[in-house]
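Novice: Before anything else, here's the structure in question.
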Amino acid sequence: VFVYVRRGGIIGRANEIPRYCDLNSVVARISTGARTDGSAILAQQTQVGAESMVGASTQLRERCSVKRSVVGAHCNIGKDVKIVNSVIMDHVTIGDGVKLESCIVCKLASVGNNAQLKGCEVGPRVAVPDDSSFKNTPVTEDSDLLDDGMNTEFR
């Protein structure tokens with residue numbers, strides 16, 4: 001990961017998904033603005049770590065945990081969700097009981113209830129089915145994994 005901080009901006013380069021997540025964590029850590037936008041709604045027992053950011057009009061339901069992650073604007077995050085070292089872009093819906101670690105979820109995507117993803121990139125407008133488990137794989141609308149209803153084992 002390469003990060004160059006200059007007055008008025010930040011430049012960074014990452015060539016792997018985990019490094020991209022690390023880069024976003026660096027941005028969250030050195031940002032001088034509010035970590036959680038004033039229009040975001042955080043339910044009771046929801047935790048947003050110091051190295052995380054939550055965008056405008058995003059809603060996090062009960063018992064969510066966001067650590068070392070960036071959650072974009074206008075997202076809807078379900079109950080009992082754990083997001084670690086991940087980037088959730090704008091207008092994403094995440095169901096109840098989801099676990100995301102070192103993932104990038106692109107705009108307008110949705111992740112079904114109780115899905116578990118680690119080291120994955122979910123493409124724009126992709127709907128990850130309920131109870132899915134994926135590890136270290138791109139999840140796109142062209143993915144055979146989604147078409148066949150098959151999942152890679154999560155460990």
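Novice: Out of all the residues in the range 63-74, which are open to solvent by 10 Å² or more (accessible area, probe 1.4 Å) and among the aliphatic types (A, V, I, L, M)?
Specialist: Of everything in the range 63-74, those that are open to solvent by 10 Å² or more (accessible area, probe 1.4 Å) and among the aliphatic types (A, V, I, L, M) turn out to be Val70, Ala73.
Novice: Would you please name the residue that is farthest from Asn113 (Cα to Cα), looking only at residues in the range 39-74 that are in a loop (DSSP other than H, G, I, E, B) and charged (D, E, K, R)?
Specialist: Just the residues of the range 39-74 that are in a loop (DSSP other than H, G, I, E, B), to begin with: 39-40, 43-46, 49-52, 55-58, 61-64, 68-69, 72-74.
Still in the running and charged (D, E, K, R): 51, 61-63, 68.
Details: Glu51: 26, Arg61: 13, Glu62: 14, Arg63: 15, Arg68: 22 Å.
Looking at residues that are in a loop (DSSP other than H, G, I, E, B) and charged (D, E, K, R), I get Glu51.
Novice: Right, another one. I need a count of the residues in the range 47-58 that are surrounded by fewer than 20 Cβ atoms within 10 Å (Cβ to Cβ) and touching an Asp or Glu at 6+ places or on another chain (Cβ under 9 Å). I'd like the intermediate steps shown before the answer.
Specialist: Keep residues of the range 47-58 that are surrounded by fewer than 20 Cβ atoms within 10 Å (Cβ to Cβ), which gives 47, 49-50, 55-57.
This time we only want the ones that are touching an Asp or Glu at 6+ places or on another chain (Cβ under 9 Å), so: 55-57.
Total satisfying the criteria: 3.
The values are calculated or read from the model by the stated rules, or taken from the named source; none is laboratory data. What you see is a predicted model, and the numbers here were worked out from it, not measured in a lab. Please note: Cβ atoms are built from the backbone with ideal geometry, for glycine as well, and neighbour counts cover all protein chains shown. Protein only, heavy atoms only, side chains kept; ligands, DNA and RNA dropped before computing areas. Shrake-Rupley method; radii C 1.70, N 1.55, O 1.52, S 1.80 Å.
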